[in-house]
Amino acid sequence: MNRVFNFSAGPSMLPLPVLEKAQKELLDYQDSGMSVMELSHRSGLFTDIITEANQLLWEVLHIPDNYQVLFLQGGASQQFAMVPMNLMVNSGKADFVHTGSWSKKAIKEAEKFGEVRVIASSEDKNFTYIPKIDSSMIDPEADYVHITTNNTIEGTAFSQIPDTGDVPLVADMSSNILSEEIDVSKFGLIYAGAQKNIGPAGLTVVIIREDLIGKAPETCPAMLNYKTFSDSDSLYNTPPTFSIYMAKLVFEWLKGLGGLKEMERINREKAQLIYDYLDASTLFASPVEKEGRSIMNIPFIIPGDDLDAAFIDEAKQAGLETLKGHRSVGGMRASIYNAMPMQGVMELVNFMEEFETKNK
Ligand SMILES: *Cc1c(COP(=O)(O)O)cnc(C)c1O
């Protein structure tokens, strides 16, 4: 077996102990004679899995009592529509902060359901920073304010969560959920596709304040109504059972590691290693303003030289994979989610140093 360090933006690496545990349990889950994939979603064994996954997430994220965790499908992209369908129901207005390709898609989808106002944008500088938000910018009548806490493609992240007062704050946390400590009570709704920091693709996690459930109009399809999943403990129809099982194993791993406090410490250390190198390098550079830098997705460029393809190719030969930047921004990008070990980051920086020396 020869595992590589995979810097993919998603689906991305899973913790090795989690994969090993899943492998061990793959053919015969807890003496059932079946794989989790073959268990009925109504069985006792699966009920235990989904209940534990739920509880572990509450514990790790310190979710307050007046919230619910929902396990859905359709990815974060489905939430771009589901959020306005369920929440844009009083004034029919919502305020958005535009920080990149994903917020653009969220805005476009929300516009189908009501009046969207972009209250701040970093488009003027190619999304290389996070705009400042203060409460005076927010329409007090808005049904919610939407932010993308971590911009996966551009490599920026909110270092402070804006105070939106009485207007619920909705956050797309797909690429930084569980990467650092957060105060869930600041949010009305948090959503995340699983395939970056939670588990395999196919699962979408929604954390929603209870008073925001049950506001969708009668015409809202059952599968797109938060209330359907809240009423059924996320078992209205067949959920993505294996993805939920894998997510449970990831939450266990995270708890065993010391929870989000320890995870954040490790993540900051990993990111710092790369940023310190980029800032000192005479070959590579970070396109992102310092205050807005993500600790999960780190884009970097080689200004003035046509060396990207050579870099990506040679890195792959060294066991460092998927370092190509997103097609919309070019250059390179290292996604270093929770499951990327420190060793992988050290090997990447060593490789970059060697590449720099060779190409001076
Ligand atoms: C990956 C990603 C998405 C899209 O997620 P899907 O689950 O593929 O729909 C949306 N927003 C952010 C911030 C992402 O990183």
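The values are calculated or read from the model by the stated rules, or taken from the named source; none is laboratory data. Just so we're clear, the structure is a prediction, and the values are computed from it rather than from any experiment. Here Cβ is always computed from backbone atoms with ideal geometry, including for glycine, and neighbour counts include all displayed protein chains. All accessible areas refer to the heavy atoms of the entire protein, side chains included, with ligands and DNA or RNA removed. Shrake-Rupley method; radii C 1.70, N 1.55, O 1.52, S 1.80 Å.
So here's what we get for this one:
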{"item": "Pair list, Cβ < 8 Å and 6+ apart or interchain, from segment 35-53 residues that are not assigned by TED's automatic domain parsing to the domain that holds Asp233 to residues that are among the charged types (D, E, K, R)", "result": "none"}
{"item": "Residues of segment 181-198 satisfying the condition of being more than 20 Å from Met246 (Cα to Cα) and open to solvent by 10 Å² or more (accessible area, probe 1.4 Å)", "result": "Glu181, Ile182, Asp183, Ser185, Lys186"}
{"item": "Matching entry among Ala334, Ala318 (being under 26 Å from Glu20 (Cβ atoms), open to solvent by less than 20 Å² (accessible area, probe 1.4 Å) and among the hydrophobic types (A, V, I, L, M, F, W, C))", "result": "Ala334"}
{"item": "Test: residue in segment 146-153 that is part of a loop (DSSP other than H, G, I, E, B), out of contact with any strand residue (DSSP E or B) (no Cβ under 8 Å at 6 or more places or on another chain), polar (S, T, N, Q) and within 16 Å of the ligand (Cβ to nearest atom)", "result": "no"}
{"item": "Failed condition for Ser135, given (1) open to solvent by less than 30 Å² (accessible area, probe 1.4 Å); (2) more than 21 Å from the chain's Cα centre (by Cα); (3) of a type outside the set (Val, Ile, Thr)", "result": "(1)"}
{"item": "Residues that are assigned to a loop (DSSP other than H, G, I, E, B) and within 19 Å of the chain's Cα centre (by Cα), drawn from segment 9-35", "result": "Ala9, Gly10, Pro11, Ser12, Met13, Leu14, Pro15"}
{"item": "Residue tally, condition within 16 Å of the ligand (Cβ to nearest atom), assigned to a loop (DSSP other than H, G, I, E, B) and either in contact with a helix residue (DSSP H, G or I) (Cβ under 6 Å, 6 or more places away or on another chain) or open to solvent by less than 10 Å² (accessible area, probe 1.4 Å) (or both), over segment 154-164", "result": "2"}
{"item": "Test for Ser286: is it among the polar types (S, T, N, Q) and farther than 21 Å from Asn2 by Cβ", "result": "yes"}
